[in-house]
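Peer 1: Here it is: the structure, laid out below.
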Amino acid sequence: MNIKTTLLTLSLSLSSSMALAAGQVEVLHWWTSGGEAKSVAVLKKMLEEQGYQWKDFAVAGGGGDNAMTVLKARAVSGNPPAAAQIKGPSIQEWGELGFLANIDDVAKANHWNDVLPAVVSNVMKYQGHYVAVPVNVHRVNWLWANKAIFDKLNLKVPTTMDEFFTVADKIKAAGYIPLAHGGQPWQDATVFEAIALDVLGSEDYRKAFVDLDMDVLGGDKMVKVFELFRKVHSYIDKNAPGRDWNIATSMVINGKAAMQIMGDWAKGEFTAAGKVPGKDYICAPTPGTSNQFTYNIDSFAFFKIKNKADQKAQDALAATILTPEFQQIFNLNKGSIPVRLDADMSKFDACAVRSMKDFKATAKSGDLVPSMAHGMSTTSYAQGAIYDVVTFFFNTPNADPKQTTEMLKKAVKAAL
Ligand code: BGC
């Protein structure tokens, strides 16, 4: 071996042992669409720049149902990843099972209690200790509209459900698909909860999906929610079943469909396609909910691991996620808004600026509510029961709204 090769071998083995010494994090997430992949790539890059290794554990499937199934299998076999995209009350479920690591030191060093709103930091703690870190705030009650179609047909984006049906009829008559939708339980639930927010109002929405109040779950207003939900079904196309959410978004981007009801990760797709709000597309709160905000906060929970170097990598990941730099670049790509209260919004578009304004205003007015469809409002068991009934109803043309409301009540009761 000549000197050059020896030096090269030495430096290679040194750098690989340094990399090992610096530790690795395996990160489970479900960010695989165009906009999502661009966003998560930022985190990987920022971690690698600090000398740590990122082991990607992406499980495709919007809403994360597939990812959660895979995570459970890995955890049960005693081999969970170092970090996983886990949200809302599920963090408590994993905490109770004893899987999660305490990251109070990182939180303290970076003043998380001061920079995060309490509605967010409380969810990140298990028994008063930080076990997860929030990434962003997504607004779920958004309607996305193709501007060219609305302009061509001289239509205004609907602000009530009545207007929605009037506009949708005209769009249908002009040969476009009024509503782009993907028939998957979480997407059905996303549309359902938007209608519920309008019909029930914030207080009863909370009673139904947070308190699981049987009177509201089985009440007359819920019957009305199902009736409207049924009517909405007639404005989606026959190929909706099984379609991924981002394919539905691309139908709005390409002018095949006029609207989509979806959280603002859809904006990540518009952005990735080079589209500009106000010019190519319009973002508006879902009909009847302009003063309400359904939130969905992405977060990563950290699992207990033994290797000290990997623990350091975990801490670095947690700290990086809440840096102002990461919050800015990530959320510009993802469509969401930063979770830090002190975030600089000057680079964000009109949809994000409105989202931040409404997030703060609704936190004061009591109209900031957790998304049931995105696992923010209740246990995964109750959420699963609601999903089942909602999806069954949406796919069963002759299911009766009144009977289904009773069914909803019973299904939730059985999941308690
Ligand atoms: C997540 C988003 C994600 C969306 C679609 C939601 O539940 O919170 O981050 O983009 O699912 O996959």
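Peer 1: So if I place +1 on the C-beta of Lys and Arg and -1 on the C-beta of Asp and Glu, and nothing else carries charge, what would the dipole magnitude of the stretch 333-375 be about its Cα centre? I want it in debye, nearest 20. Walk me through the intermediate numbers first.
Peer 2: Working: 7 positive and 5 negative charges, 6 e Å.
Result for the stretch 333-375 is approximately 20 debye, rounded to the nearest 20.
Peer 1: Cα to Cα, under 16 Å, and not fewer than 8 places away if on the same chain: which lysines meet these conditions relative to LYS108?
Peer 2: LYS108 reaches LYS125, LYS312.
Peer 1: For ASP220, ASP204, give the ranking by accessible area with the largest first, probe 1.4 Å. Could you put the intermediate results ahead of the total?
Peer 2: Numbers: ASP220 125, ASP204 30 Å².
Sorted descending by solvent-accessible area, the residues read ASP220, ASP204.
Peer 1: Can you count the Lys pairs in the stretch 129-211 with C-alpha separation below 30 Å, eight or more apart or on different chains? It would help to have the intermediate numbers written out before the result.
Peer 2: Details: LYS147/LYS156; LYS147/LYS170; LYS147/LYS172; LYS152/LYS170; LYS152/LYS172; LYS156/LYS170; LYS156/LYS172.
Taking the stretch 129-211 as the scope, the lysine pair count is 7.
Peer 1: Follow-up question, since we're still on this one. Just subtract the alpha-carbon distance of ALA37 and LYS72 from 0.36 nm times their residue separation and send over the number in nm, one decimal.
Peer 2: Numbers: separation 35, 0.36 × 35 = 12.60 nm, distance 2.29 nm.
Gain on extension, ALA37 to LYS72, equals 10.3 nm.
Peer 1: Local charge sum around ASN110 (other residues, Cβ-Cβ under 12 Å, Lys/Arg +1, Asp/Glu -1)?
Peer 2: Working: positive: LYS108, ARG340; negative: ASP104, ASP105, ASP114, ASP315.
Value of the local net charge: -2.
Peer 1: Of all DSSP beta bridges in the chain, what percent run antiparallel (nearest 5)?
Peer 2: Details: 20 of 36 bridges.
Of all bridge pairs located within the chain, approximately 55 percent are antiparallel.
Peer 1: I'd like the orientation of helix 401-415 relative to the chain: the angle between its Cα long axis and the longest Cα principal axis, in ° from 0 to 90, rounded to 10.
Peer 2: 30 degrees
Peer 1: I'd like the accessible area for LYS207: 1.4 Å probe, protein heavy atoms, all chains in place, Å² to the nearest 10.
Peer 2: Surface accessible to solvent at LYS207 totals approximately 70 Å².
Peer 1: Right, here's the next one. From zero outward in steps of 10 Å, how is the percent of C-alpha pairs of the chain spread across the bins?
Peer 2: All Cα pairs, binned at 10 Å, distribute as 5, 22, 31, 24, 12, 4, 2, 1, 0 percent.
Peer 1: Now a separate question. Add +1 for every Lys or Arg and -1 for every Asp or Glu among the other residues with Cβ under 15 Å from the Cβ of VAL353, and state the total.
Peer 2: Details: positive: ARG139, LYS267, LYS347, ARG354, LYS357, LYS360; negative: ASP264, ASP344, ASP349, ASP358.
Every neighbour counted, the sum reads +2.
Peer 1: In addition: In degrees from 0 to 90, rounded to the nearest 10, what is the angle of the helix 308-321 Cα long axis to the longest principal axis of the chain?
Peer 2: Roughly 40 degrees, rounded to the nearest 10.
Peer 1: Against the longest alpha carbon principal axis of the chain, how many degrees, from 0 to 90 and to the nearest 10, is the axis of helix 185-209 turned?
Peer 2: Helix 185-209 sits at roughly 70 degrees to that axis.
Peer 1: Show which aspartates and glutamates lie in cross-link reach of LYS44 when reach means a straight Cα distance below 18 angstrom and same-chain residues fewer than eight apart are skipped.
Peer 2: The qualifying aspartates and glutamates are GLU26, GLU36, ASP56, ASP298, ASP310, ASP315, GLU325.
Peer 1: Also, I was wondering about something else. Magnitude of the Cβ-charge dipole of the chain, K/R +1 and D/E -1, about the Cα centre, nearest 20 debye?
Peer 2: Working: 43 positive and 42 negative charges, 138 e Å.
Here the chain has a charge dipole of around 660 debye.
Peer 1: 222 nm [θ] for the chain, helices only, -39500 (n - 2.57) per DSSP H run of 4+, per residue, to 500?
Peer 2: The per-residue figure over the chain is -16000 deg cm²/dmol.
Peer 1: Over 20 Å between Cα atoms: which of LYS238/LYS267; LYS267/LYS357; LYS275/LYS334; LYS45/LYS334; LYS267/LYS347 fall into that group?
Peer 2: Details: LYS238/LYS267 24 Å; LYS267/LYS357 17 Å; LYS275/LYS334 14 Å; LYS45/LYS334 16 Å; LYS267/LYS347 15 Å.
Checking Cα-Cα distances, LYS238/LYS267 exceed 20 Å.
The values are calculated or read from the model by the stated rules, or taken from the named source; none is laboratory data. Since the model is a prediction, treat every value here as computed from it, not as a measurement. For neighbour counting, all protein chains shown are included, and Cβ atoms are generated from backbone atoms with ideal geometry for every residue, glycine included. Please note that ligands, DNA and RNA were not included when accessible areas were found on the heavy atoms of the full protein model with its side chains. Shrake-Rupley method; radii C 1.70, N 1.55, O 1.52, S 1.80 Å.
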